[in-house]
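All of the numbers you see were taken from the coordinates with simple rules; none came from a lab. Remember, it's a predicted structure, so these values are computed and weren't measured experimentally. Using ideal geometry, Cβ is built from the backbone for each residue, glycine included, and neighbour counts are taken over all protein chains shown.
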Amino acid sequence: MPELPEVETVRTAMESQMKGLIIRKVIISDKRMRWPIPENLPEQLNGGVIMGVRRRAKYLLIDIDVGRGNSEKLTQEQSANKTTEWCLLLHLGMSGSVRIYPPDHHPTQQQKHDHLIINADHDQSNDMDTAWTKMVLNDPRRFGGAQLIKRQDQDQHPLLRALGTEPLGNQWNGEALKKAIKGRKTSIKSALLDQRVVAGIGNIYASEALYQAGISPKRQAGKISISRIEALTGAVKDVLRRAIAAGGTSLRDHVQPGGEIGYFVQKLHVYGREGEACHHCKSPIKLIRQSGRSSFYCPQCQR
Ligand SMILES: [Zn+2]
């Protein structure tokens, strides 16, 4: 499942390849996604300018302005409305991935499970689609999807409005986390996975951060001292930043601009290592179930 670092890797690639381009052709599949891709997406977005790509938690937010002066081929409705500031929200779900093909490097055939294809170009004069930049959302299990939101309404969107603070933002520190989990009787592991407490942390990096901070995943969230909580927020930021630097861990088929595969294995200390020796004390790593999720930890190093 793509986690925050993978989504951030995709965001960086998308922004570097797509920013400033004009959308020429949008193709959607007829397969139903968990968050269905709106059927009128092609009409809404054709001629729009990609202003940038942002990330909120594990969502990609593509800012698209429709009706800007450099878009000539707008529908009558689009030009009558002047500029519409859209935000195209993409979620990669359990198995989603994004591929980006620069001009003249297109695959000859659409792949199975390609659900959304956005073709974009620097100007609108070239109708040779091989010269376009192509972005493809592929999702075999279809747990992801796309939503089109007016940018001004984005903070009120049901998927975004309840999200907690971004863990890599300056506002998120020990004090902020301590406040968010005050009085909580759940385990610290479950608290970290609660998207209202902090946005975008998944099972892999919650496990790794707790290991790095020396905190047992079973520890009751509300009872942990501020100094240990500070160590934990520092560890979360550290594991996420290192994973982003490595290009993410689980997006096996993320094709980077130029065609190379952006798949790098980051060294994980506990996640997926049940029974293997702890890298620090050599004790076997333990696996337990917490709220239906697997938690990996070292019973010696994490208290
Ligand atoms: Zn250990």
Q. With θ set to phi - 60° and the Karplus curve 6.51 cos²θ - 1.76 cosθ + 1.60, what are the ³J(HN,Hα) couplings of segment 6-18 in order, to the nearest whole Hz, using x for Gly and Pro?
A. 5, 5, 5, 4, 5, 4, 4, 5, 4, 5, 5, 9, 10
(Q) Assuming 0.36 nm per residue, please report the length gained on full extension of the stretch residue 156 to residue 195 beyond their Cα-Cα distance. (A) 12.5 nm
Q: Quick one: what are the phi-derived ³J(HN,Hα) couplings along segment 177-190, Karplus 6.51/-1.76/1.60 with θ = phi - 60°, whole Hz, x for glycine and proline?
A: 5, 3, 5, 5, 10, 4, x, 6, 9, 6, 6, 5, 5, 5
Q: Taking amide H positions as placed in the peptide plane 1.01 Å from N, state which residues far from residue 122 in sequence (5 or more) or on other chains have amide H under 5 Å from it.
A: 22
**Q.** Test item: Cα-centred dipole of the chain, Lys/Arg +1 and Asp/Glu -1 on Cβ, debye
**A.** 2020
Q.
Using Cα springs under 10 Å in a Gaussian network model of the chain, which residue among 95, 187, 291 shows the largest mean-square fluctuation?
A. 291
Q | Estimated inter-spin distance, residue 279 and residue 220, nm [label 7 Å along Cα→Cβ] | A | 3.3
(Q) Can you tell me the length gained on complete extension of the stretch residue 124 to residue 182, counting 0.36 nm per residue apart and subtracting the Cα distance? (A) 15.4 nm
**Q.** Amide proton proximity set for residue 141, modelled H, under 5 Å, gap of 5+
**A.** 95
Q | Under Karplus coefficients 6.51, -1.76 and 1.60, residue-wise ³J(HN,Hα) of segment 32-41 in Hz, glycine/proline x | A | 7, 9, 4, 10, x, 6, x, 5, 8, 3
Q | Options 136, 20, 299, ranked by Cα towards positive dipole end of the chain, top entry (Cβ charges) | A | 299
Q. Given H placed on each backbone N at 1.01 Å, which residues far from residue 55 in sequence or on other chains put an amide H within less than 5 Å of it?
A. 61
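Once you sort the root eigenvalues of the Cα gyration tensor of the chain as a ≥ b ≥ c, which label holds: rounded (a/c under 1.5), prolate (a/b larger than b/c) or oblate (the other case)?
Working: a/c = 2.63, a/b = 1.89, b/c = 1.39.
Prolate, since a/c reaches 1.5 and a/b exceeds b/c.
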**Q.** Flagged links, alpha-carbon separation over 24 Å, of 82/134; 19/237; 58/134
**A.** 82/134; 19/237
